[in-house]
Every structure is written in structure tokens, then in C-alpha cells.
Amino acid sequence: MLNKFSRTELVLGKEAMEKLKNSRVAVFGVGGVGGYAVEALARSGVGALDLIDDDRVCLTNINRQILATTKTVGKYKVDVAKERVNEINPECEVRTYKTFFMPDTKDQFNFSEYDYVIDAIDTVTGKKEIILCAKEANVPVISSMGAGNKVDPTAFRVADIFETSICPLARVMRNVCKKNGIDKLKVVYSKEKPIRPIEDMSISCRSHCICPPDTTRKSTERRDIPGSVSFVPSVVGLIIAGEVIKDLTSFDRGER
């Protein structure tokens, strides 16, 4: 019988679709990268999603984040994401957490409930904790490296963290993994050398922050405010979602 996922089933098969329907994926960070990952997971038939992000949509998100529109500015990203997922697939169970994931908030989450974990946040401490929690629960995890200050979507690769190069965040995460006994980690990273953003205070969040008034973590608090474009974070999010779908279904193109 035809349904909203029939075209996907033609590629992956009925058994794979059942696996996706019975899977729960946690997405930490639903911004530029995570938002597109959530979109693809929902459209692939994943049956349950946990969405974790304490941020609200800002006007400056519109250039690259699928959840950001003039109508959603000021709303919590996880609330917007849940509404969108429900419109795509009402049968998908969505749990939202308006939480900034760090070591002091990790106890809110039971990683053993997840079939897969996506790390799409941009703080090293939080990324490390997600990876350690997933490892302890023996749950697969995929981590996004730096997507800001890049303009070449074809330069992104899927690799183990210890096979990465060029990406500054990947370099930091290699050291973090070594220090914390993490011997492997699937990541998406870019081989493009980052571009240094133009120093123009007239269009900088540093001087003209327009985050919603009650935003907990404003962009002005960041050490560096990266530039970004519409066609880079989206690609990273879709690559990540593709890896999750393939891993959950054990899909191997060579077997077809």
C-alpha cells in the first residue's frame, strides 16, 4: 500500500523501513546542521526523535537554518522542529528538551534509550560529554565538526576522528578523544581551509546583537562569531542523516 515513505522503501526495502520506524535518534543541537538532520530523519521514517537545544530562533539564523523563518524568530528551535516533524510524519514521537547540554545537565538523559546519537553542537565540553555518554551506553554516535567559515560543500568527508586533517575543531577533538580514552569516533569534517570572516562591525553580532531578549546564551559571548552560508551546514546535516539511516538499517549498496 502506498504511503508517505513508499519511495524510500523502493530503495531500502520493507525490513529497513521497519527498523527506522522502531528507532529512536537523539539530535543534540537543531541549528544549521542539526535542523537539516532532523528534517531528513523525519522524512526517512524514523519513529522517534529526541531534540535537545535551549536556543531560540534569531533573525541571523534565517540565512542557513531550515527551522528559521520570519514567522519562527523568537521561538524555541526544538518547538519549531517538533511542529515541523509532526507535519511531516504525525506518527513520529518527538520529545523536546530546552537544555544546554553540558556535564551538569547530562543526567536529564538516558542514553541507553537511543539507537543513535547525533552531536551537532558547537561547544567542545558538550561534544566530549555526548561522546562519552554514548560510549558508556554502547550507542553509536556521529559528530559534526566545523561547518562555519566554509563555502565548499563538496569538501566534506565522513571519517574517523583520527583520520581528519585541516579542520581546527577536528584537531581539538582529536586531542580530547586521546585524553579521554575515546579510540574511535565517526565525524563529518571539511578538508577546506576555513575562511577568515570579514571584520565589519556594522553587520557583526558582536556590536549589534539581536538575539531574543531572554536568550540565555547570546552570540556576543562567543570568542569568535563565524560566518556561514546556506549551502554548507545543510549539506553536513544531510550527510549525517544519511550515515545514521545507513547504519540503523545496515544498508549496503553492494548487496543490492
How many residues are in contact with a Lys or Arg (Cβ under 9 Å, 6 or more places away or on another chain) and among the acidic types (Asp, Glu) if we restrict to the range 1-40? 1
Can you name the number of the only condition in (1) without any contact (Cβ under 8 Å) to a residue 60 or more places away in the chain; (2) among the polar types (S, T, N, Q); (3) under 22 Å from Pro233 (Cβ atoms) that Ser6 fails? (3)
Any residue at all in the range 71-78 that's assigned to a loop (DSSP other than H, G, I, E, B), surrounded by fewer than 24 Cβ atoms within 10 Å (Cβ to Cβ) and among the hydrophobic types (A, V, I, L, M, F, W, C)? yes
Of the residues that sit in the range 101-123 and are more than 14 Å from the chain's Cα centre (by Cα) and of a type in the set (A, V, I, L, M, F, W, C), which one is surrounded by the fewest Cβ atoms within 10 Å (Cβ to Cβ)? Met102
Condition test on Thr99, is it in contact with a strand residue (DSSP E or B) (Cβ under 9 Å, 6 or more places away or on another chain) and not in a helix (DSSP H, G or I)? yes
Output the residue which, of all residues in the range 177-207 that are of a type in the set (A, V, I, L, M) and modelled with pLDDT under 70, is surrounded by the most Cβ atoms within 10 Å (Cβ to Cβ). Ile203
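Residue by residue, here is whether (1) of a type in the set (A, V, I, L, M, F, W, C); (2) crowded, with 21+ Cβ neighbours inside 10 Å; (3) at pLDDT below 95; (4) assigned to a helix (DSSP H, G or I) holds:
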position	(1), (2), (3), (4)
Met1	yes, no, yes, no
Arg7	no, no, no, yes
Lys19	no, no, no, yes
Ala37	yes, yes, no, yes
Ala40	yes, no, no, yes
Gln65	no, yes, no, no
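The values are calculated or read from the model by the stated rules, or taken from the named source; none is laboratory data. The shown structure was predicted, so the numbers you read here are calculated from the model rather than taken from an experiment. Every residue, glycine among them, receives a Cβ derived from its backbone with ideal geometry; neighbour counts consider all protein chains shown.
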